[in-house]
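Take a look at the structure below.
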Amino acid sequence: MKRALAIMVGAALILLLATLTLVVMPYLQMSAEQVPPDLKPYTEKQQRGRQVYIANGCVYCHSQQPRDPSFAPGDRDRGWGRPSVPGDYANDQPHLLGTMRTGPDLFNVGARLPSIDWQLLHLYNPRVVHKDSIMPSYPFLFRHVDEAAEGDKVVYLPEAYAPESGQIVATEDALALAEYMLALDHTYPAPTLPKADKPKE
Amino acid sequence: MTPTIAILLIITFVLSTVGLLLLIWSIANNQFSHGQEAARTIFSPGEEGHSEDPAQAAEPDTMAQASAIKARWTADHSSRTAVLCWLSSAIFWLVLGSFFGLVTSLKMHLPEFLISSEFLTFGRVRPVHLNAVTYGWASMAGIGAALFLIPRLFKTSLAGGKYAVLGSVIWNIGLALGLGAITLGFSDGQEWLEFPWQVDLLFVVGGALCAIPLLLTAANRQVEHLYVTSWYLMAALVWFPILFLIANLPFTFPGASGATVNWWFAHNVLGLWVTPIGIGIAYYMIPKILGRPIISYQLSLIGFWSLALFYSQVGIHHLIGGPIPTWLVTLSIVHSVMMSIPVITVAINHHGTMMGNFKRLKDSPTLRFVWIGALMYTVSSLQGSMEALRSVNVVTHFTHYTVAHAHLGMYAFLSFILFGAVYFIMPRLTNWEWPWRRMISLHFWLVSIGILIYFVSLTVTGWKQGLALLDAAMPFMDIVRMTIPGLQARTLGGALMTLGHLVFAAHFVAMLMHRGVGSEQPTLFRSAIKENT
């Protein structure tokens, strides 16, 4: 039993060391990091949109972390923005950095595509905008009504994609998600970003 | 920045000193003298030289042998209920998870497939697939195999098996609730940690209930030395609850530091949970079926401790180029490369023991699955070390290449070893041989060809995708179009794998119902007469 216990305690201690280096120290360092003064907190509606983003797993195809151009030049050249810094994510819980780019990076999508009509149209059916897009449509975020009521946000579709009769209007969830997309704008300067000589590998 | 580096330097210095002192102490106390005697712990008297694939193959010559075989039978049957609970649940989740994987794959090249319901949108079926196969199939089958091996390794009966049965019930409830929550849109939002934290508590309780029989049985053990498999199993059962608990602490880690915790956890699910279980099983099955001890016992212990040290710190290589401190990324890259040490030591032992016995792959289903799994462990780990290098990662990050690599590890390595383990365990628990040899064969070929197509198509596609993403000259939509053939091929591979799982599951159910003709001979790929050559 003594040896069994020694193995288990040793194993636990090694994991605690890893926790110290990979969890505790980064946490201490990054929570002390300066938050960019121009970073705006999310409004209630944007926060709700963020929950819609989480619930429908947008993170599985879209990242939110442009890399340094000296490392991966494509990120800047595609217009995805400056490299992100820890302070940019001060309001993000949970983080949505993402690990896939089946679709483009969305860290600055609000600056790149600032039209709410475009966002709604694209969510309703991405193929209206890009013929070969493989992003799913989100019909359940929209309602099909005979006549849009006062205050309804109508999605205007080209004839080929429009329903035979009636109109497509956005639900609250769709509007919130589109608002969140527009809030993804981190084009302000990041004070913590080194100016020229970012360390390379 | 400077204080962090200073702390790191101090920690490094203290650690190296402590490590050195430990090494001196263990040499002085003969901790390295176990040698080959210890490697023979798993054999009963006179068993060496005989394969255990056919349970009753070796006719007992002496009283000692007869009593050892009887004791082993008793040990196997002490864990019967608990093991069957975990394994049958695992196979249910495997089939369910495979279908969700297949739907996910289809949706990637047929974006209008099953879109009308929010419950089946891509972003929900994908995490259902991942969580069902990770926490359902891999974890439950791993725990089931561990519960079977523990009494054998300690040469005693499983004590407290009822706690493990209760644990499986709670674990299954957790899975059902967690997968339901994802489907309904209540995901926690981080990869590998999607289950709401309230549901996570069930996994902590279910897992802890499995630790009770482990500790009770360890206390009763009848063997002097703890065979290396038990090291891996004990460590895994210590590590998982700690990891799972810390990573799921709600409202603790915001923003970018949440990302480091996320990937520290996610890679440790592979490194410190399913990998030790997989390697541990292979360390038992390969020598047992060949009837010869592993070639270097000392190496196996070095492999164990270096795995613990290095694997626990590799996670941040998932954030290379991300908004986190550079030292942190570098630390994980260094450890990822250092992982080649445990990987090579394990490879020497697994494949070295196989040397000269490769013809046994022709007849033994367990050996074939387990050894291919062990080989894929070597391959996927070395690939992973390469992938962590900045120069490679800049291409492969954010692409399908990573998905292919993940399946090489979780499937070709881990799932193959678990398949092999199930083929070994079931006849001993049910006193019944596998009914149909051809079904094992069919299962093997379907999943092997399936994962081959899967891996090759996504690896090639992912690499091309990664190169194209780096250069903005190629429009994004062109990259999307370029990946389509690879994604279609993946669906084909995935469909073959799913079909293989259906065959496997049907055979498993037939086994439970004692279908087929009762046989005294084990079900091998070929007739058993060639057995002892």
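Coordinate-derived values only; no laboratory data. Every value quoted in this text rests on a predicted model; they were computed, and no experiment measured them. We place every Cβ from the backbone using ideal geometry, glycine too, and count neighbours over all the protein chains shown.
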- request: Would you mind calculating the gained length between A:Ser31 and A:Glu44 on full extension (0.36 nm times residue separation, minus the Cα-Cα distance), in nm to one decimal?
  value: 2.3 nm
Peptides B:14-24, A:91-101, B:508-518 ordered by average Cβ neighbours within 10 Å, highest first: A:91-101, B:508-518, B:14-24
message: At 0.36 nm per residue, and after removing the present C-alpha to C-alpha distance, how many nm does the segment from B:Leu201 to B:Leu114 gain when stretched out fully?
response: 28.1 nm
task: Of the options B:Leu193, B:Leu102, B:Trp137, report the single residue whose Cα projects farthest towards the positive end of the charge dipole of the stretch B:69-224 (beta-carbon charges: Lys, Arg +1; Asp, Glu -1).
output: B:Trp137
message: Could you tell me the ratio Rg/Rh of the stretch B:199-346? Both radii from Cα atoms, Rh via Kirkwood.
response: 1.03
Dipole magnitude (debye, nearest 20) for the stretch B:93-184, charges at Cβ of Lys, Arg, Asp, Glu: 380 debye
statement: Going residue by residue through the stretch A:14-19, the Karplus relation 6.51 cos²θ - 1.76 cosθ + 1.60 with θ = phi - 60° gives ³J(HN,Hα) values, rounded to whole Hz and with x marking Gly or Pro, of 4, 5, 5, 4, 4, 5
- line: Expressed in angstrom and rounded, the centroid-to-centroid distance over alpha carbons for the stretch B:239-282 and the stretch B:309-325 is 12 Å
query: Looking only at the stretch A:123-166, which residues have a backbone nitrogen under 19 Å from a spot 7 Å from the Cα of B:Arg481 in the C-beta direction?
result: A:126-136
message: Treating only the Cβ of Lys, Arg, Asp and Glu as charged (+1, +1, -1, -1), what charge dipole size does chain B show about its Cα centre? Round to the nearest 20 debye.
response: 680 debye
- request: Take the alpha carbon atoms of the stretch B:431-463, find their center, do the same for the stretch B:154-220, and report the distance between the two centers in whole angstrom.
  value: 28 Å
message: Averaged over its residues, how many other protein chain Cβ atoms are within 10 Å of peptide A:56-64's Cβ atoms?
response: 5
- prompt: For the stretch B:106-135, which chymotrypsin sites (Phe, Trp or Tyr not before Pro) are both in a DSSP coil and crowded by at most 15 other Cβ atoms within 10 Å?
  reply: B:Phe113
- line: The answer for GluC sites (Glu not before Pro) in the stretch A:129-189 that fall in a DSSP coil and have at most 15 neighbouring Cβ atoms within 10 Å is A:Glu147, A:Glu150, A:Glu159, A:Glu164
- prompt: For chain B, what is the calculated [θ] at 222 nm in deg cm²/dmol (nearest 500), taking -39500 (n - 2.57) for each run of four or more DSSP H residues and dividing by its residue count?
  reply: -23500 deg cm²/dmol
field: Three-way shape label, the protein assembly as shown, alpha-carbon gyration tensor, a/c 1.5
entry: prolate
query: Just how large is the dipole of the protein assembly as shown about the Cα centre, in debye to the nearest 20, putting +1 at every Lys and Arg Cβ and -1 at every Asp and Glu Cβ?
result: 2000 debye
task: Excluding residues on the same chain fewer than 8 positions from B:Lys155, give the aspartates and glutamates whose Cα lies under 18 Å from its Cα.
output: B:Glu37, B:Glu47, B:Glu48, B:Glu52, B:Asp76, B:Glu224
Rough spin-label spacing in nm, given labels placed 7 Å along Cα→Cβ, for B:Glu520 and B:Glu37: 3.9 nm
task: Could you go through the stretch A:79-91 in sequence order and give the Karplus-derived ³J(HN,Hα) for each residue, using 6.51 cos²θ - 1.76 cosθ + 1.60 with θ = phi - 60°, rounded to whole Hz, and x for Gly and Pro?
output: x, 7, x, 5, x, 7, 10, x, x, 4, 9, 4, 9
Principal semi-axes in Å for chain A [√(5λ), Cα gyration tensor, largest first]: 40, 22, 17
J(HN,Hα) series, the stretch B:299-316, from Karplus relation 6.51 cos²θ - 1.76 cosθ + 1.60, nearest Hz, glycine and proline x: 4, 5, 6, 4, x, 5, 5, 6, 4, 4, 5, 7, 5, 5, 10, 8, x, 6
field: Mean ellipticity per residue at 222 nm, deg cm²/dmol - from DSSP H runs of n ≥ 4 across chain A, formula -39500 (n - 2.57)
entry: -10000 deg cm²/dmol
task: Report the full-extension gain for the segment A:Lys2 to A:Asp152: residue separation times 0.36 nm, less the Cα-Cα distance, to one decimal in nm.
output: 46.9 nm
message: Inside 10 Å of the C-beta atoms of A:71-82, what's the mean count of C-beta atoms belonging to other chains?
response: 4
- line: For peptide B:119-128, the mean count of other chain Cβ atoms within 10 Å per residue Cβ is 5
task: Only loop residues by DSSP count here, and only those with at most 15 other Cβ atoms within 10 Å; note down the trypsin sites (Lys or Arg not before Pro) in the stretch B:321-402 that meet that.
output: none
For A:Val155, distant residues with modelled amide H under 5 Å away: A:Ile168, A:Val169, A:Ala170
message: How large is the convex hull of the C-alpha atoms of chain B per residue, in Å³?
response: 150 Å³
- request: May I ask which of A:Lys153/B:Lys107; B:Lys288/B:Lys359; B:Lys70/B:Lys288; A:Lys2/B:Lys162 have a Cα-Cα span longer than 20 Å here?
  value: A:Lys153/B:Lys107; A:Lys2/B:Lys162
task: Taking the Cβ of each residue in B:Val274, B:Val228, B:Val83 as the centre, tally the other Cβ atoms inside 10 Å and list the residues starting with the fewest.
output: B:Val274, B:Val228, B:Val83
